[in-house]
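One structure is given below, encoded as structure tokens.
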Amino acid sequence: MAALVVVALLLPAAGLEAAHPAAVRGTGGAVSSAAPAATEAGLGILRAGGNAADAAVATALALAVVFPQAGNLGGGGFAVVRFGGEVNALDFRETAPAAASHDMYLDDDGEPRPKASLVGPLAAGVPGSPAGLFELHRKYGRLPWARVVAPAARLARDGFIVNTRLQRSLAASEELLQRFPETAAVWLPGGQPPSAGSVKKLPELAAILEAYGARGAPAITEGPVAAAVELAARRHGGVLRAADLEAYRPVWREPVRFSAYGWQVASMPLPSSGGIIIGETVGMLERLRWEKLPRFGADRSHLLTEVWRRAYADRFLLGDPRTSRASAAQLLAGHWLDVRTAEIRINKATDSERVRAWSRERAEESSETTHLSVMDGDGNAVALTTTLNRSFGCGLLVAGAGFLLNNEMDDFTTAPGHPNSFGLVQGEANSVGPGKRMLSSMSPTVAWSGKQVIVIGSPGGSKIPTATVQVLLNLIVDGDGLQAAVDRARIHHQWMPDLLYSERYAFSPETARALERRGHELRATNKVGEVSAVRGIVAGNMEAAQDPRGPGAAGVVRPAVY
Ligand code: GLY
């Protein structure tokens, strides 16, 4: 019997020391994800003899059923894996359709067309998840493919219990979902979201998952399902075509690799900025001897903020690896980290306008994404983050297929020089172009030292790298227990807007005042990410923690008390 801990409380953390519950511990494998049913699907696959890749795919597919805000077949994602000694990164990010063009979201006057990159299928990139999850299993999986897909198909066929988060998300997105009768018929039956606690069945999605289990990616990327995607796109003004789905290929990439405080770290490379931001962060912190400063109080938060100002300023040079204006090698080079670190003052915030003052580009991303962390009994690890971009993606459900299409095109620089729908602008390196992959912040990460392995990641748009690196620092610098590291209150700064965001309890009143005296403008935020973490310790022992900021769950195959 597996242990499954559902986390439902948000505990005070950080400067105000609180008692943290322990992570769930044991052997045989561990899973942490944003939904209890998805964690259970992954654990079931581990119990059936599956490895970390099998369990990660099963968990991701279950999220596509029970967490349709972000889990998906119509979106994309990234995975960083460590199998045996091998570390690898799978890019199944969406691509721009073949008919996409640089100015496709502008009107004749060169002005951004409102919501064009957010609502409806014109906002959709070519889904990467069907081929990506299939490829993850092809390269590393152990169980038969159909066995790995079966738990998700069963959840869709037999039904699952709608949780409060889903009910509230549906209610919050009602206007978007009502625009498309295909979507409303499934997710707003009778004009209302299903109530929390009711059982939801998704027969169309179940049939697609069953076909996917029988025939693999081509069951979705070719034939009638791809044709249904094209039909849905054409009906609502999109340029996505069946040929785009058939042509899509996931890519194995070299992870961004760096060492930090005696640990080896592998994180996601371009087209995600996540691994680079995390690498720059720890590279600068080590130069600043950040770990020697008192844990609580203003100094550490001030320096984290100064470091992020610079890492996020550098982000605006980044884009699809083919067009990016900077690379991980350049931004993580010792001399660049030295230059950036030398700009930082311990007692004074830098005005963000002065960091790369030649550029006024800025950006933010939406927060609806989901991360899962998995380890099997042999210590193999998969960190996987997947998204539709905004909650429920572009809002359009593919009739006959039952899955929603993403609105990932909004992660491109859709209107150069203009603020996007979030009031922000990105760089030319990330402009729209056919076949290009839009810049991301998703940061699936694996870190190891001796026998210990940490598998970690988060949703949260532009807050993903800062959430992930704070938990990592809590573990590798301060030696927190896994659950305490995840629970602890977090902060965030992304260069522009020039605001230091803080969760409740992140700062004592004195620390907040000290930061303001140094020139930081503070802003409250309800959460910075929602971290799913697993840690392998020694001799097959492992632990899993899920973030109390959401209703997810962490579990292990064979629980133990130690
Ligand atoms: N759509 C959010 C991200 O990829 O970073």
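Heavy-atom accessible surface of the chain, averaged per residue, reaches 34 Å², computed with a 1.4 Å probe.
Compute the length gained on full extension between GLU111 and GLU246: take 0.36 nm times their separation in residues and subtract their Cα-Cα distance, giving the result in nm to one decimal.
45.3 nm
Sorting 309-317, 77-85 by average packing, meaning the other beta carbons within 10 Å per residue, from highest down gives 309-317, 77-85. The lysine pair count for the chain, using Cα distances under 25 Å and pairs eight or more places apart or on different chains, is 8.
Neighbours of LEU397, meaning other residues whose beta-carbon lies under 10 angstrom from its beta-carbon, give a summed charge of -2 when Lys and Arg score +1 and Asp and Glu score -1. Percent of C-alpha pairs per 10 Å bin in the chain, short distances first: 4, 20, 31, 28, 14, 3, 0. Across region 28-70, Cα-Cα pairs farther apart than 17 Å form 20% of the total.
Using only the C-alpha atoms, the convex hull of region 87-155 corresponds to 141 Å³ per residue.
Applying a 10 Å radius around every beta-carbon, put 53-62, 189-198 in order of their mean neighbour count, most first.
So the peptides 53-62, 189-198, ranked by packing, come out 53-62, 189-198.
For ASN72, the residues 5 or more places off, or on other chains, whose built amide H falls under 5 Å of its own are ALA64. The Cα center of region 304-321 and the Cα center of region 520-538 differ in position by 19 Å. Computed from the C-beta positions of GLU254 and ARG295, the FRET efficiency with R₀ = 35 Å rounds to 0.55.
Residue by residue, region 165-175 carries 3J(HN,Hα) couplings of 4, 5, 4, 5, 5, 4, 4, 5, 9, 4, 4 Hz when phi is fed to the Karplus relation 6.51 cos²θ - 1.76 cosθ + 1.60 (θ = phi - 60°); x denotes Gly or Pro.
A full extension of the chain between SER198 and TYR505 corresponds to an added length of 107.0 nm, given 0.36 nm per residue minus the alpha carbon distance. Label positions at ALA214 and THR164, each projected 7 Å from the Cα along the C-beta direction, are separated by 4.1 nm. In sequence order, region 87-94 has phi-based couplings of 10, 8, 10, 9, 9, 10, 5, 5 Hz under the Karplus curve 6.51 cos²θ - 1.76 cosθ + 1.60, θ = phi - 60°, and Gly or Pro positions carry x.
Multiplying the residue separation of ASN347 and SER101 by 0.36 nm and removing their Cα-Cα distance gives an extension gain of 83.9 nm.
Computed over all pairs of different Cα atoms, the Kirkwood value for the hydrodynamic radius of region 229-362 is 17.1 Å.
Compute the FRET efficiency between ALA171 and VAL339 as 1/(1 + (r/R0)^6), taking r as their Cβ-Cβ distance and R0 = 51 Å, and round to the nearest 0.05.
Working from the Cβ atoms, E equals 0.55.
Determine which residues of region 283-322 fall in the zone a paramagnetic label at GLU428 would reach in this model, i.e. backbone nitrogen under 18 Å from the point 7 Å along Cα→Cβ. From region 283-322, the list is 314-322. Note on ARG354 and ALA146: their simple-model spin labels are 6.6 nm apart, each label 7 Å out from Cα toward Cβ.
Placing a pseudo-label 7 Å from each Cα along the Cα-to-Cβ vector at LEU522 and ALA560 gives an inter-label distance of 4.3 nm. Summing Cβ point charges (Lys, Arg +1; Asp, Glu -1) relative to the Cα centre of the chain gives a dipole of roughly 920 debye.
When you count the other C-beta atoms within 10 angstrom of each residue and take the mean per peptide, 170-183, 513-526, 228-241 line up highest first as 228-241, 170-183, 513-526.
The values are calculated or read from the model by the stated rules, or taken from the named source; none is laboratory data. Here the structure is a predicted model, which means the values were calculated and not measured. All Cβ positions, glycine included, derive from the backbone under ideal geometry; neighbour counts span all protein chains shown. For the accessible areas, the whole protein counts, side chains as well, though only heavy atoms, and no ligand, DNA or RNA atoms are used. Shrake-Rupley method; radii C 1.70, N 1.55, O 1.52, S 1.80 Å.
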